[in-house]
1. Just wondering, is there one or more residues in the stretch 33-50 that are within 29 Å of L4 (Cα to Cα), touching a residue at least 40 places away in the same chain (Cβ under 8 Å), part of a strand (DSSP E or B) and out of contact with any Phe, Trp or Tyr (no Cβ under 7 Å at 6 or more places or on another chain)?
2. So is V92 surrounded by 14 or more Cβ atoms within 10 Å (Cβ to Cβ), of a type in the set (A, V, I, L, M, F, W, C) and closer than 30 Å to R19 by Cβ or not?
3. Filter the stretch 1-43 down to residues that are farther than 27 Å from Y70 by Cα and among the basic types (K, R) and give me whichever is surrounded by the fewest Cβ atoms within 10 Å (Cβ to Cβ).
4. In the set R19, R77, which member is basic (K, R), modelled with pLDDT of 80 or more and within 16 Å of the chain's Cα centre (by Cα)?
5. Does the stretch 79-108 hold any residues that are assigned to a strand (DSSP E or B), free of Cβ contacts under 8 Å to residues at least 24 places away in the same chain and among the hydrophobic types (A, V, I, L, M, F, W, C), and which are they?
6. Do we have K24 as under 29 Å from E108 (Cα atoms), over 11 Å from the mean Cα position of the chain (by Cα) and modelled with pLDDT under 90 here?
Amino acid sequence: MERLKVTSGGDDVQQVVLRGDPKKQPEPIHFRVVLPWGDVDIARCDDGTYWIHFRVDKKGDGMDDGEGPYGRIIDARIDARDKHAGTIDAAVLSDPALYHLAVRLGPEVMP
């Protein structure tokens with residue numbers, strides 16, 4: 001399989017483009033960005049859609065060597081057209097007006 005190319009996405013931004021069509025452009029099923037206390041995993045489904053997983057290490061979860069550092073989900077944001085952020089709940093996840101999700105991950109103990 002060809003290596004994915006890391007390119008510039010602007011000032012202080014690196015990017016990798018996933019195309020969703022392994023027949024036209026072979027790409028791995030999973031693409032992972034590893035953080036000091038967790039990871040972000042992008043997994044391509046058979047139909048060309050993607051799951052994006054945000055995970056933090058927790059003591060005893062079996063995903064780390066037991067030494068830490070451990071993480072936590074600090075905050076999250078959902079943006080949908082014509083909806084105020086304060087009125088949005090999880091039901092908006094299937095709303096076609098949804099255009100942005102953000103999850104802030106950080107260390108379990110903030111410096």
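1. Within the stretch 33-50, one or more residues are within 29 Å of L4 (Cα to Cα), touching a residue at least 40 places away in the same chain (Cβ under 8 Å), part of a strand (DSSP E or B) and out of contact with any Phe, Trp or Tyr (no Cβ under 7 Å at 6 or more places or on another chain).
2. yes
3. Only one residue fits best here, namely K23.
4. Selected residue: R77, the only one of R19, R77 that is basic (K, R), modelled with pLDDT of 80 or more and within 16 Å of the chain's Cα centre (by Cα).
5. Matches in the stretch 79-108: A80, L98.
6. No.
The values are calculated or read from the model by the stated rules, or taken from the named source; none is laboratory data. No experiment lies behind these values; they were computed from the predicted model shown. All Cβ positions, even for glycine, are placed from backbone atoms using ideal geometry, and neighbour counts span all protein chains on display.
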